[in-house]
Amino acid sequence: MATTYFISDHHFGHKHIIDFENRPFGDADEMTAAMIAKWNAVVRPEDKVFHLGDFSFLNKERTQAIVSQLNGYKILILGNHDRGRSRAWWLDAGFDEVSEYPLIYNQFFILSHEPMYMNKQMPYVNVHGHIHGQRYAGIHYYNVSVEQLDYTPISFEQIRDSVVADEEQS
């Protein structure tokens, strides 16, 4: 049975993100190799991955080379650093689907790049990236930036179970 995973903010090719976010890599090439390995350690070819934005700072050929090495059916929700390129550019780079807007997954999970305002009375959880090492408090947010996940995609079941556990504690 296929598994659905989530992750965001790889920033492939962005050497300055290593310093900005205290990433444990010597350079962008080491970072790329490690992040591809961590992705493929959990994602199988039959799995689905929602990438919640800010995937690559590289040109199309180099981005394509990375996407082609990553297992799974890949869906990109454009992040602030992705939006300068068209949906067609990202599809040509190898993503199976590309959305310019947030998506609703499994009825109660809103997938977006930037965190969205979530009213406390709403039953939804916003699965997002963008804020890297920061984390919003509360049961309505789940940050899937690579810094939060040891650069490894997280399954929907892990997110759901974490949200349920947090809800039971509050």
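The values are calculated or read from the model by the stated rules, or taken from the named source; none is laboratory data. Source: prediction; values computed, not measured. When we count neighbours, we look across all protein chains shown, and the Cβ atoms used for this are built from the backbone with ideal geometry, even at glycine. When the accessible area is computed, the model is the full protein with side chains, heavy atoms only, and any ligands, DNA or RNA have been set aside. Shrake-Rupley method; radii C 1.70, N 1.55, O 1.52, S 1.80 Å.
Of the heavy-atom accessible surface of the chain (probe 1.4 angstrom), what whole percent is carbon and sulfur?
Working: 4190 of 8520 Å².
Roughly 49 percent of what the probe reaches on the chain is carbon or sulfur.
Enter the accessible area per residue of segment 1-70 (Å², integer; probe 1.4 Å; all protein chains in place). Before the final figure, lay out the partial values.
On the way: 3250 Å² over 70 residues.
Spelled out: the 1.4 Å probe surface of segment 1-70, per residue, equals 46 Å².
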Divide the volume of the convex hull of the Cα atoms of segment 63-121 by its number of residues and quote the answer in cubic angstrom per residue. 96 Å³
What Rg and what Dmax come out for segment 103-149 when only alpha-carbon atoms are used, in angstroms? 10.1, 29
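Suppose accessible area is computed on protein heavy atoms with a 1.4 Å probe; arrange Arg23, Arg85, Arg62 from highest to lowest. Before the final figure, lay out each step's value.
On the way: Arg23 10, Arg85 60, Arg62 125 Å².
Ranked list, largest accessible area first: Arg62, Arg85, Arg23.
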Under 14 Å from the Cβ of Pro45, count the other residues' Cβ atoms, weight Lys and Arg +1, Asp and Glu -1, and hand me the total. 0
Accessible-area value, Asp96, 1.4 Å probe, nucleic acids and ligands omitted, Å²: 70 Å²
Environment charge of Asp150, counting only residues whose C-beta is closer than 15 Å and scoring Lys/Arg +1, Asp/Glu -1: 0
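Work the Kirkwood hydrodynamic radius out for the chain: mean of 1/r over every pair of different alpha-carbon atoms, inverted, in Å. Intermediate results must be reported in sequence, preceding the final value.
Numbers: mean 1/r = 0.0621 Å⁻¹.
Computed over the chain, the radius equals 16.1 Å.
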